[in-house]
Structures are given as C-alpha cells and as structure tokens.
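Only one structure is covered here, and it is reproduced in the block below.
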Amino acid sequence: MPAMKISLLSNRSSFLSFGLALSFAFAPLAKAEDLTIAAAASLQDALADMKADLERELPGTTVRVTAGASGTLQQQIAQGAPIDIFLSAANRPIEELEKLKQLSPGSAKQFLAGELVLIAPKASRLKSLNELNSASVKRVAIGEPRSVPAGDYALQALTSLKLETALTPKFLYAKDVRQVLSYVERGEVEAGFVYKSDLESVAGKSVRLVETLPASSHKPIRYTMAVVAASKKQESAKKILNYFESQKAAVIWTKFGFNPLTEKSASVEKEKSSAPK
C-alpha cells in the first residue's frame, strides 16, 4: 500500500475514514480455502516467516495476512470484513469487538509483550528523549493515537514524562508503525516512536535506536489474539492460535524482537483504568 503523509491534526478524522476504505480496496478477496489473519503492522515480518509453518498446520489451506493499524483492522472486522483471526497490538480493539459480540467467546488471549523505543535517522546526533525539545528537532513521527496502539503508548509516555504539550506541535501522524519507520528511515523527520521489534525489520536496520521508553510511563504493551465470531473456520483458527503459543513460534517471535508470554490465559486481562493515558 502506498505511504500517505498526514501532518495536520485536523486531518485525523478524514485520514481514518480514507485509510479504512483504502485498506478494503487493496485487501485480496478471500476464497473458501483461505484463512485470513488481520494483524498489527508490527507483526507482519514475523508472520511472513511463519507462513509455511502455518500452512502445514492446515493442509490445503492458504493463510493470508492483512496488516495495518490495530484500530483500523478493528473497524474492518466490525463492518464485516472476511477475517478469521485478529492479532491486535493492544487490548482496546479486542475489548471493543467483544462488546459487539464479534469475537468467539473465550478465544482472546494475550500472547506477546513488546517495548516502545525512540528512533532517529542513522546520521542523527540525537541522544535522548529530552532532546526532542530542541529547536533543531522540527518533526517527530508518531502513529495516529486513535487507531495505532504504538502512537497511543507514545502519547501516554510523553504525557507521563511531561513532554506531550511541548512536542504535540511537532507531531507527524502516521497510519501505522511501519510508516513511522519509513519517515525516519528517509530522514523526513528527526525522530519517531516505534516498537523495539520494528528494529528487526529491513527498514529497521537503517535507523538508529536512541532510547527505550520507561515501561512505567505507559500501559504494558501486550499483543492479543482472538478468533472472529463470524469466521466459518473456527477449529482451524483455534489451531493457529495454539501454534502462536508454541515453542516453535516462540523462537520466531523472539527472533523478530518480541517477548512471548509464557503463561496462557483463557481470557484477556483487563487493563487498569488508572494507568497513564
């Protein structure tokens, strides 16, 4: 999907609507023998690496992945997109779908943990988060907080660290973390916020890690998986969810910078409302 620049706060509503329509336009048509996974953009490289294993779990089935911002994928599922499994980078999109009874009861589980980092172009001399206040830093890329969990986590952290007011005028909003990464890689911004796992991607090798944000400054980063209630492949989807928690999958998740959660839970742990926002 071609990258889109969104720099003005006033564009955010139209951006969400357009992004949703564009995502539908480019999604491949699902066939009877397909199983479709809607996944947070940060998971796409790991899932590509797992594709052969996933299809061995389901002989005769083609596993397709559509990647994007978790909030946008949530909207697609809510509007009836032919999706079997949802992998979200945050609990909120899962909880919203559960309220609408659009996820199979008891299928939602947290399965990965992540970290939020500040990155800069390779040639940058930026050394810390506090230097973002410098006049030399004109633009900072951040995922659109209402649809991109990484952007929401970043906003939580900046608010907690009392930097949000000063930095908001510098924000360049992106449709997902991979667009943030692209902006930084091309030098279109002085810095950006992504997951640590994004540094394991091809584009991630072309940027520089500046700082890992304190875990205490934002809600815990937890990836959650669930089976979509409307899916006609319930048993196949459950097999894939079991694979995602296997030791074999854990090796791949770790290779791509994620932290597999070792304890299985039958349901999603609800986040405390007192956590920073």
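Taken together, the values in this text are just the output of simple stated rules run on the coordinates, not laboratory data. Computed from a predicted structure; not experimentally measured. Here the Cβ is made from the backbone with ideal geometry for all residues, glycine too, and neighbour counts use every protein chain on show.
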Packing-ranked peptide list from 124-130, 176-182, 65-71, highest mean Cβ count within 10 angstrom first, is 176-182, 65-71, 124-130
The computed P(r) of segment 84-127 puts the percent of Cα pairs beyond 11 Å at 75 percent
Applying the gyration tensor rule to the Cα atoms of segment 47-194 (axes a ≥ b ≥ c; rounded if a/c under 1.5, else prolate if a/b exceeds b/c, else oblate), the class is prolate
One finds, for R186 and K255 with R0 = 41 angstrom and r their Cβ-Cβ distance, a FRET efficiency to the nearest 0.05 of 0.95
In nm, the gap between the two label points placed 7 Å beyond Cα toward Cβ at E235 and K138 is 6.0 nm
Note: Y243 to K162 extended length (0.36 nm per residue) minus current alpha-carbon separation gives 25.0 nm
Computed over segment 116-217, the relative contact order (Cα-Cα under 8 Å, seq sep at least six) in percent reads 46 percent
Residue by residue through segment 230-238, the couplings from Karplus 6.51 cos²θ - 1.76 cosθ + 1.60 with θ = phi - 60°, in Hz, x for Gly and Pro, are 7, 4, 8, 10, 4, 5, 4, 5, 5
Most packed first (mean Cβ within 10 Å per residue), the peptides 160-171, 74-85, 110-121, 94-105 order as 110-121, 74-85, 94-105, 160-171
Averaging 1/r across every pair of distinct alpha carbons in segment 116-217 and inverting yields a Kirkwood hydrodynamic radius, in angstrom, of 13.0 Å
The set of residues whose placed amide H lies less than 5 Å from the amide H of T36, leaving out same-chain residues fewer than 5 positions away, is R64, D84, I85
Counting sequence-distant residues (5 or more places) and residues on other chains, those with an amide H built under 5 Å from that of F171 are V140
Dividing the alpha-carbon radius of gyration of segment 174-238 by 2.2 N^0.38 Å, where N counts its residues, gives 1.52
